[in-house]
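Note sheet for the following structure.
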Amino acid sequence: MSFRRLTISLAVFVFLVYVGLILSLFYFYRGPLFIKTLFSERTLYAVGLSLTTATVVTCFSIFFAVPSAYALSRYRFVGRKIVDTLLELPMIVSPVALGAMLLLFFITPAGQFIQERGTQFVFTVYGILLAQFVTTVGISIRLIKAVLDEIPQKYEEMAWVLGRSPANTFFTVVLPLSKKGIASAAVLTWAKALGEFGATITIAGSMAMKTETLPIAIFMRLANADIEGTVVLVLILIGMALGILYGVRLLLN
């Protein structure tokens, strides 16, 4: 077997694994139940909450990720390697552990002060936003940094020679060159936030019609042995995520 065929075969094998998992869901599929579950008040609330929180968190994550990634890509400063390493925490620590860290923080005096004098995060929608932000912003920074690392710095140096300020160069040179990469990072961040479960349920709980996102609704259905309902919600989540990913890729191309 040639190297070309080997690499393609391995890619197809992984593809078939995921296709097989998706097709296995239809063994439990019930047509009438799909419509009933899809348009139930609880499901519509979970879908709306998931879409809203994922979109808001993506905006915040990209807002922080772009300048942070630029700093790590272009500047050398004291503690840079430590900062760069710690930002990978969401990729090496499970979401449940991140959620536990958040929950434990709000038990400390500083956390209690924020809860009493500021915003209530535990068992609220704000907790969902915080959990999704903590689990996505580090990944967003890593994705965008990889894009910026591929842009030769000579373009910026040329702009500086022509009298452009660093800030002006960033907005007129760097951002236009990296816009597709940033857009791709935003889509992946959105998909990650949409499917976030561990940190969210740890700090925000699973209260129906309040803090129940779509992944949490899937877990609750499965915990109650509602297999058919679980399948419907999983198909909804997969359809939303893959649909957005594929649509954005078509637009970027």
> Inside the range 196-206, can you point out the residues that are modelled with pLDDT of 90 or more and either open to solvent by 40 Å² or more (accessible area, probe 1.4 Å) or not in a loop (DSSP other than H, G, I, E, B) (or both)?
Replying inline: Phe197, Gly198, Ala199, Thr200, Ile201, Thr202, Ile203, Ala204
> (1) closer than 17 Å to Thr52 by Cα; (2) not in a helix (DSSP H, G or I): which one isn't true of Ala225, the others all being true?
Replying inline: (1)
> Given Thr43, Thr37, Thr7, which one is in a helix (DSSP H, G or I), surrounded by 15 or more Cβ atoms within 10 Å (Cβ to Cβ), of a type in the set (Val, Ile, Thr) and out of contact with any Gly (no Cβ under 8 Å at 6 or more places or on another chain)?
Replying inline: Thr43
> If you go through the range 113-136 one residue at a time, do you hit one that is open to solvent by 60 Å² or more (accessible area, probe 1.4 Å), closer than 15 Å to Gly195 by Cα and not aromatic (Phe, Trp, Tyr)?
Replying inline: no
>> Checking Tyr29 against (1) out of contact with any Gly (no Cβ under 8 Å at 6 or more places or on another chain); (2) closer than 26 Å to Leu235 by Cα; (3) modelled with pLDDT under 95; (4) in a helix (DSSP H, G or I): exactly one of these is not met. Which one?
In response: (4)
>> If I ask for residues that are of a type outside the set (S, T, N, Q) and over 18 Å from Ala69 (Cα atoms), which ones from the range 155-189 would you list?
In response: Glu157, Met158, Ala159, Trp160, Val161, Leu162, Gly163, Arg164
> So which pairs qualify, if the first residue must be in the range 1-21 and farther than 20 Å from Ile238 by Cα, the second must be modelled with pLDDT of 90 or more, the Cβ gap must be under 8 Å, and the two must be at least 6 apart or on different chains?
Replying inline: Met1/Ser9
> Any chance the range 70-92 includes a residue that's open to solvent by 20 Å² or more (accessible area, probe 1.4 Å) and under 16 Å from Pro215 (Cα atoms)?
Replying inline: no
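To keep it simple, each residue is scored yes or no on (1) open to solvent by 20 Å² or more (accessible area, probe 1.4 Å); (2) over 24 Å from Leu86 (Cα atoms); (3) under 29 Å from the mean Cα position of the chain (by Cα); (4) among the aliphatic types (A, V, I, L, M).
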site: Ser140; (1), (2), (3), (4): no, no, yes, no
site: Pro152; (1), (2), (3), (4): yes, yes, yes, no
site: Phe171; (1), (2), (3), (4): yes, yes, yes, no
site: Val174; (1), (2), (3), (4): no, yes, yes, yes
site: Ile182; (1), (2), (3), (4): yes, no, yes, yes
site: Leu188; (1), (2), (3), (4): yes, no, yes, yes
site: Ala191; (1), (2), (3), (4): yes, no, yes, yes
site: Leu194; (1), (2), (3), (4): no, no, yes, yes
> Does Ala217 satisfy the criteria of being loosely packed, with under 15 Cβ neighbours inside 10 Å, within 15 Å of Thr37 (Cα to Cα) and in contact with a helix residue (DSSP H, G or I) (Cβ under 8 Å, 6 or more places away or on another chain)?
Replying inline: no
>> Could you list, ordered by first residue, the pairs with Cβ atoms under 6 Å in which the first is in the range 69-98 and touching a residue at least 40 places away in the same chain (Cβ under 8 Å) and the second is of a type in the set (Asp, Glu) and assigned to a helix (DSSP H, G or I), at least 6 apart or interchain?
In response: Leu72/Asp84; Ser73/Asp149
>> Go through the range 206-233 and report how many residues are of a type in the set (D, E, K, R) and closer than 13 Å to Val125 by Cα.
In response: 2
> Looking at Leu89, is it more than 30 Å from Lys179 (Cα to Cα) and in contact with a Leu (Cβ under 8 Å, 6 or more places away or on another chain)?
Replying inline: no
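The values are calculated or read from the model by the stated rules, or taken from the named source; none is laboratory data. Not measured: the values here are computed from a predicted model. So basically every Cβ, Gly included, is an ideal-geometry build from the backbone, and we count neighbours across all protein chains shown. Calculation scope for accessible area: heavy atoms of the full protein, side chains included, ligands and nucleic acids excluded. Shrake-Rupley method; radii C 1.70, N 1.55, O 1.52, S 1.80 Å.
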